[in-house]
Amino acid sequence: MLQNSLKKGLLVGFKTTWTLGKVIFPVTLIVAVLQYTPVLPWVIKMISPLMKLLGLSGDAAIPLVLGNFLNLYAAIGAILTFDFSVKEVFILAVMLSFSHNLFIESGVAMKAGVKLWVVLVTRPGLALLSAVVINLVWHGGRETAQYGLIQPSAQHADGIAAIIVEAIQKAGLGILQLAMIVIPLMVVIQILKDLQWLNKFSKTMAPVTKTLGMKENTSTTMAAGLLFGLAYGAGVMIQAVKEDGVSKKDITLAFIFLMACHAVIEDTLIFAPLGIPIWPLFLIRLGVAIVLTLVVGTIWKRSGLAKRKDATYEQQNYDNTL
C-alpha cells in the first residue's frame, strides 16, 4: 500500500509541478523581460504612493496583482524577478496568504453558501490590515532577501539575448525550487489520503470547531480546508457541507477561519525558498484566524440572543393586549 501511495504521490507531484510550472515559468519570464521596458516602470511609478503605505516598493504591486488574479505560484514567479528586502517579501507573503486566487476561491466559498461580500471584506481586508501592522511594528528585515538558488544580479543584463537568458534562468530555477517542495508534499498528502487520515483528522478537529462556536459537523469542512486549501479541497468541502447538513452560520464561521488560514502546510512551505521566516508567517495566519472567528462568532451569538429576546418581548406584549 505504501509503495502504491508513493507512486501515486510522485505522479501527482510531477503533474502538479507541470501544471503550476506552466503558470510560474511564463509569468517569471514575462515580468523579468518587462523590467527592461518602459511598461513595468510606468505601472510601478503610478502605484508607488499606495505601496509605501503598506511598507512596500512600487514593484510589489506586480506580485500582489498576479497573486490575487491568478494564484500564489504566479505571485512567487514575479517576486523572484525583483530584489526585495526580507521585510518586503515577508509582508507580501502575509498579504498573499490572506488574499490570493480570489476568483476561484471566492467561487468555492459562494458554492458552499458563503456571501460574496463576506469573502471580499475578509480576505483583502486582512491582507491590507496585516501589511500596515507589520510595517509599523517590524523595523528590521532591511537586508536583501536571498531567494535560495536564485541570487540577486550584481548588474543588469545588456542586450536582448542576455535579458532573455537571464529571464529563462530565473524561471527555470523557480520551477526547480517549486518541484523540490511540491513533489514531496504531494507524496505526503497521497499517503494521508490512502491511510484515511483526513477522517481521523476531522474527528480531532471536532473539539476545535466547537470551541470556535461551530457544531461538530463542520469538522470535515475545516479539515479539508486546512490540509488542502479552498481550491484543492473544494470538492471535499462542498460535499461535506451537503452531507453533514452544516448550518449557514457554521459554514460562514468555518470559511472565515479558512479564508485566514487554509492549506497551512503548502501555503507556508512554498514561501520558504524566498528567504523569509516561515514560522511567524504560520503563527500570524493561525492567530488571526482564531481571533477573527471567535469575534465574529461572539457577535453573531449575541445578535441572535438579542433577536430572540425582542421576539419574546413582542410576543408577550401581543399576549397582554388580548
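The values are calculated or read from the model by the stated rules, or taken from the named source; none is laboratory data. Just so it is clear, the model here is predicted, and its values are computed rather than measured. When we count neighbours, we look across all protein chains shown, and the Cβ atoms used for this are built from the backbone with ideal geometry, even at glycine. Just the protein is used for accessible areas: all its heavy atoms, side chains included, with ligands, DNA and RNA removed. Shrake-Rupley method; radii C 1.70, N 1.55, O 1.52, S 1.80 Å.
Per the listing A109, A61, the residue uniquely surrounded by fewer than 21 Cβ atoms within 10 Å (Cβ to Cβ), part of a helix (DSSP H, G or I) and on the phi < 0 side of the Ramachandran plot is A61. Among residues of region 10-60 being within 22 Å of the chain's Cα centre (by Cα) and of a type in the set (K, R), the one that is modelled with the lowest pLDDT is K22.
Restricting region 192-226 to residues that are of a type in the set (A, V, I, L, M, F, W, C) and open to solvent by less than 30 Å² (accessible area, probe 1.4 Å), which is modelled with the lowest pLDDT? Across region 192-226, the extreme among qualifying residues is A224.
Checked against (1) surrounded by fewer than 20 Cβ atoms within 10 Å (Cβ to Cβ); (2) in a helix (DSSP H, G or I), I91 passes all but a single condition, namely (1). Return the pairs, sorted by first residue and then second, in which the second residue is among the polar types (S, T, N, Q) and in a loop (DSSP other than H, G, I, E, B), the first residue lies in region 259-276 and is under 16 Å from M180 (Cβ atoms) and open to solvent by 30 Å² or more (accessible area, probe 1.4 Å), the beta carbons are less than 6 Å apart, and the residues are 6+ apart or on different chains. Going by the 6 Å Cβ cut-off, the qualifying pairs are G275/Q146. Selection of region 242-258 for residues being open to solvent by 30 Å² or more (accessible area, probe 1.4 Å) and either among the aromatic types (F, W, Y) or outside any helix (DSSP H, G or I) (or both) yields G245, S247.
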